[in-house]
Ligand SMILES: Cc1cc2nc3c(=O)[nH]c(=O)nc-3n(C[C@H](O)[C@H](O)[C@H](O)COP(=O)(O)OP(=O)(O)OC[C@H]3O[C@@H](n4cnc5c(N)ncnc54)[C@H](O)[C@@H]3O)c2cc1C
């Protein structure tokens, strides 16, 4: 049995639009983690207010022009990503990509020519936070770092946050907006991993009070995170988001 929520997530529907953009710049944050800025007039008014809001990026093949209709955009490869920052008036959105061994999204982020065209679909919904959490529990691998960054930025100043991230040795220096109220644990693959860390946590590791929890990583972590947060820590389901962000083949 879990307790009744006094804090929690509330899903707000958003007007879903497909906006075309171009790749404006690329900044390597570590050897395997890259920030890309997408820009264009259609990104004016882009809005993704929730920390874990996500969109679908449609990636045109190298050298392609922007197709004229949303239906044609949707024929291109697409992947889901988390907007980490944006300027509604200037018309740009930043995304942070893990660059891994192979994949359309990873390859595009690392190598697409500046000026390449793409489109952003969504977000179709946004997770607003109801109430004031006493503490945050945030965990994931590199793919969750944009959302974790946004949760940390958006919290009330001084709210304690327990953050656990699993990264490769290349990504130990990925920047996170931590402060004195943040306890950060970095697990470095292959020796350490998030699944084992979550499985090993006990009641004494639970942040106190009304906790808001977010965990996103490879799909295998999902049942382990649910068991920790829902069963062992009795955090109400309304205050928990656990998602598989990718699947190991
Ligand atoms: C809601 C949501 C938000 C997301 N936000 C982000 C984000 O902000 N930044 C980000 O980098 N990712 C994010 N992801 C994860 C990203 O969508 C996936 O990792 C996606 O599979 C990457 O596509 P790809 O074309 O690079 O690889 P794919 O073509 O999907 O896969 C190719 C191969 O790479 C493997 N692979 C895929 N992802 C990874 C990975 N992370 N690590 C190691 N191997 C992998 C697959 O198992 C497969 O073998 C998010 C996912 C979701 C569902």
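The values are calculated or read from the model by the stated rules, or taken from the named source; none is laboratory data. From a predicted model like this one, the values you see are computed outputs, not experimental measurements. FYI the Cβ positions are ideal-geometry reconstructions off the backbone, even for glycines, and counts take in every protein chain you see.
Here are the numbers for this structure:
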read-out	value
So residue 73, is it in contact with a strand residue (DSSP E or B) (Cβ under 6 Å, 6 or more places away or on another chain) and more than 24 Å from residue 216 (Cβ to Cβ)	yes
Answer from 166, 107 - the residue that is within 14 Å of the ligand (Cβ to nearest atom), under 15 Å from the mean Cα position of the chain (by Cα) and modelled with pLDDT of 95 or more	166
Pairs where the first residue, in region 99-119, is outside the structural domain of residue 56 (by TED's automatic domain parsing) and the second is more than 8 Å from the ligand (Cβ to nearest atom) and at pLDDT below 95, C-beta under 9 Å, 6+ apart	none
Of residues in region 233-249 being assigned to a loop (DSSP other than H, G, I, E, B) and farther than 21 Å from residue 82 by Cα, the one farthest from the ligand (Cβ to nearest atom)	234
Filter result for residue 42 (modelled with pLDDT of 95 or more, surrounded by fewer than 18 Cβ atoms within 10 Å (Cβ to Cβ), under 13 Å from the mean Cα position of the chain (by Cα) and on the phi < 0 side of the Ramachandran plot)	no
Residue in region 55-82 that is farthest from residue 175 (Cα to Cα), counting only those that are assigned to a strand (DSSP E or B) and within 8 Å of the ligand (Cβ to nearest atom)	77
Qualifying positions in region 22-33 - within 16 Å of the ligand (Cβ to nearest atom) and in a strand (DSSP E or B)	23, 26, 27, 28, 29, 30, 33
Qualifying helices (runs of 4 or more DSSP H) (wholly inside region 139-232; at least 1 residues being farther than 22 Å from residue 8 by Cα)	194-199
Sole residue being modelled with pLDDT of 95 or more, within 16 Å of the ligand (Cβ to nearest atom) and either over 28 Å from residue 55 (Cα atoms) or surrounded by fewer than 20 Cβ atoms within 10 Å (Cβ to Cβ) (or both), chosen from 184, 194, 176	176
